[in-house]
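Below is one structure, written out as structure tokens, with a few remarks after it.
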Amino acid sequence: MIRCHIFLTGIVQGVLFRRFVYRKANHLDLKGWVRNKDHNQVEILVEGEERKINELISLCRQGPSNAEVKDIKIEKEIYRGDLNGFGIAYS
């Protein structure tokens, strides 16, 4: 089990990117959240099996049809097991 903080930039806001990540992460039974950040960036905090997180990252590189991901920054962190479910955060 691993924990990753993922930051995506590009055309990732206003194209249903958070909903896309939410659906994919829940399908993969991952825990965490996704939210919009400033400057056309989406942030994801996720925990789960490494292969499932890698699959989510691959899906995010493609994104929904109207998205254009220009850059992905991935920060691996120590697994904590303190996340429940996967949701869309608003902050």
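Bear in mind that the values in this text are calculations on the coordinates, not laboratory data. Quick caveat: nothing in here was measured; it's all calculated off a predicted structure. Reconstructed Cβ throughout: ideal geometry from the backbone, glycine too, with neighbour counts over all protein chains shown.
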Tell me, what HN-Hα J-couplings in whole Hz come from the Karplus equation 6.51 cos²θ - 1.76 cosθ + 1.60 at θ = phi - 60° for each residue of the stretch 51-59, using x for Gly and Pro? 5, 6, 5, 4, 5, 4, 4, 4, 5
Taking placed amide H atoms and a strict 5 Å upper bound, the residues 5 or more places from A89 or on another chain that come that close are V34, R35
Options T9, V34, I57, ranked by Cα towards positive dipole end of the stretch 2-81, top entry (Cβ charges): V34
Work out, step by step, the length gained on full extension between N66 and H27: first 0.36 nm times the residue separation, then minus their alpha carbon distance; give nm to one decimal. 11.9 nm
Cut-off is 10 Å between beta-carbons; in what order do I53, I44 appear when sorted fewest neighbours first? I53, I44
Efficiency of FRET between N54 and S91 - r from beta-carbon atoms, R0 25 angstrom, step 0.05: 0.40
Through the Karplus equation 6.51 cos²θ - 1.76 cosθ + 1.60, θ set to phi - 60°, convert the phi angles of the stretch 84-90 into ³J(HN,Hα) values in whole Hz; use x for Gly and Pro. 10, x, 9, x, 9, 9, 10
At 222 nm, what helix-only mean residue ellipticity would the chain give, in deg cm²/dmol to the nearest 500, using -39500 (n - 2.57) for each DSSP H run of four or more? -8000 deg cm²/dmol
Given just the C-alpha atoms of the stretch 2-81, how large is their convex hull per residue in cubic angstrom? 75 Å³
For the stretch 3-91, listing chymotrypsin sites (Phe, Trp or Tyr not before Pro) in a DSSP loop whose Cβ sees at most 12 other Cβ atoms within 10 Å gives Y90
To the nearest 20 debye, what is the magnitude of the charge dipole of the chain about its Cα centre, counting +1 on the Cβ of each Lys and Arg and -1 on the Cβ of each Asp and Glu? 180 debye
Would the stretch 1-40 count as rounded, prolate or oblate if I go by the C-alpha gyration tensor, calling it rounded below 1.5 in a/c and otherwise prolate when a/b exceeds b/c, oblate otherwise? oblate
